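Everything below concerns the one structure shown next.
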Amino acid sequence: MKQVWRSSRPQTSRGPRVRGPEEDHQRGGTVPPSWEELSIAPKERSPSSYGAEARGGCSGVPAGSAGSQLCQRGPGLRLYPTPRKGPSRATGARPRQSATRSEPLQSRLHGSTGLRSGSQANFFPPLEDAMLPSGSFNNRMALITGGGTGLGRAMTATLSQLGAQCIIASRKLDVLQRTAEEISSQTGNKVHAVQCDVRDPQAVSQCVDQIEALTGLPDVIINNAAGNFVCPSERLSPNAWKTITDIVLNGTAFVTLELGKRLIQNQKGASFLAITTIYAESGSGFVVPSASAKAGVEALYKSLAAEWGRYGHRFNIIQPGPIRTKGAFSRLDPTGAFEKAMIDRIPTGRLGTPAEIANLAAYVSSNYASWMSGAVIRFDGGEYVSLAGEFNELRSVTPDQWKLLEAMIRKTKGS
Ligand SMILES: NC(=O)c1ccc[n+]([C@@H]2O[C@H](COP(=O)([O-])OP(=O)(O)OC[C@H]3O[C@@H](n4cnc5c(N)ncnc54)[C@H](OP(=O)(O)O)[C@@H]3O)[C@@H](O)[C@H]2O)c1
């Protein structure tokens, strides 16, 4: 009897069921033909052209029309989601509205993000209000290294809004003081600014002395300070290597060990959180000192999660994907060209926002997460898996090209 395979599309009366490409790939057999073989050049895509196709390519279905969450192009092929205008399925929130509602507060507290995005970002509007109940950090002290700018500033703003007394520490005292005043005046909770170069163990020890005098030892420690820049590895000087690894790995270790020892002596528990990056796991060319140091930070935190639970300490890690901050983007994407490519490959179609990661950091550092230790949380809109899957490029195949591909695959005989 002729073997009949399940098709990826609903069966019509037009013929026997046939094997779909997906199944072939699962069976480890078939590699898709090249574009030359298909004689169809793939369309050049930019984030906006991707969006244009999602909107305009399916002209039979008005984008966002009721009941048209999936756009059909050709019989039974449902490939391109159209932007939903109604409430988000996941959150019940209306895209845009919630962002607009919280904009004044967010721009005051976290700074405006000025997001550029692909059309599928409409499915994933950032909800930026503080997620935890107000008062979740009442009577708690939080140290945030690098808290004067970027993501550290956003985390400080959220913790302060939720009742924490925050201490922000880094090298530039004027920046720290400005941030501390701005956040304190908006939340009504004191934010202290303490100068500290985390590369210097003596400076770290003096900083912790100062913190003890100001607030007592903290309940929450967020190791967020970092340095990074893009550079071919053959151009790296020993000094460049040392600077980055000193800030990221040694700095995190000095802060963690100094506070850890004093907390242990005082029999006080604490939540430690390290901000690393998605390439701490995979490694990445052109940011090798950072990748190496962040991987070290992750090993440090996972090790201490195992060792210091007995002292009441939790250790967790957040790996952010791209979130535009002046500090990170000016050194990693100085021309802005890279950002477009990033958005194109992020399944949620946009960068993250500082307020979103601040909510996650607040949750991980709160007592709601008191059972969480040794966790590595990737927070990247799907970028990591999008980069990893070797067939993910097939997102750019059009429905017409899929018809051709499917026809070619069906014709394949034998192994
Ligand atoms: N934004 C992203 O897309 C992204 C993605 C993945 C991971 N991350 C991570 O997120 C964290 C925050 O980055 P960001 O984007 O917010 O960049 P940022 O604004 O440049 O923050 C870095 C902070 O580190 C402080 N710092 C640098 N060297 C220091 C030192 N020697 N001692 C003490 N503090 C020092 C800086 O303050 P001073 O200059 O005053 O010292 C600054 O406040 C970093 O760990 C970064 O690796 C960010």
Selection over region 270-279 where residues are closer than 19 Å to N250 by Cα and either in contact with a Leu (Cβ under 9 Å, 6 or more places away or on another chain) or surrounded by fewer than 24 Cβ atoms within 10 Å (Cβ to Cβ) (or both) yields a count of 4
Here's a check for you: in region 310-326, which residue that is in contact with a Leu (Cβ under 9 Å, 6 or more places away or on another chain) and within 8 Å of the ligand (Cβ to nearest atom) is nearest to P218 (Cα to Cα)?
P320
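Results for (1) assigned to a loop (DSSP other than H, G, I, E, B); (2) under 14 Å from R171 (Cα atoms); (3) free of Cβ contacts under 8 Å to residues at least 12 places away in the same chain, shown as yes or no for each residue.
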residue: S185; (1), (2), (3): no, no, yes
residue: N189; (1), (2), (3): yes, no, no
residue: R199; (1), (2), (3): yes, yes, no
residue: I211; (1), (2), (3): no, no, no
residue: L217; (1), (2), (3): yes, no, no
residue: I221; (1), (2), (3): no, no, no
residue: A225; (1), (2), (3): yes, yes, no
residue: V230; (1), (2), (3): yes, no, no
Restricting region 150-163 to residues that are surrounded by 24 or more Cβ atoms within 10 Å (Cβ to Cβ) and within 6 Å of the ligand (Cβ to nearest atom), the residue that is nearest to the chain's Cα centre (by Cα):
L151
Positions within region 135-149 being within 15 Å of the ligand (Cβ to nearest atom) and either among the aromatic types (F, W, Y) or outside any strand (DSSP E or B) (or both), in sequence order:
G146, G147, G148, T149
In region 174-217, which residues are aliphatic (A, V, I, L, M) and away from the ligand (no atom under 16 Å from the Cβ)?
A213, L214, L217
Just for helices (runs of 4 or more DSSP H) wholly inside region 341-415: which have at least 3 residues that are surrounded by 15 or more Cβ atoms within 10 Å (Cβ to Cβ) and over 19 Å from the mean Cα position of the chain (by Cα)?
399-411
Does S282 satisfy the criteria of being among the polar types (S, T, N, Q), farther than 16 Å from G227 by Cβ and away from the ligand (no atom under 12 Å from the Cβ)?
yes
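Read the figures in this text as sums done on the coordinates, not as results from a lab. Treat the numbers as computed from the prediction; the structure is a model and nothing was measured. For neighbour counting, all protein chains shown are included, and Cβ atoms are generated from backbone atoms with ideal geometry for every residue, glycine included.
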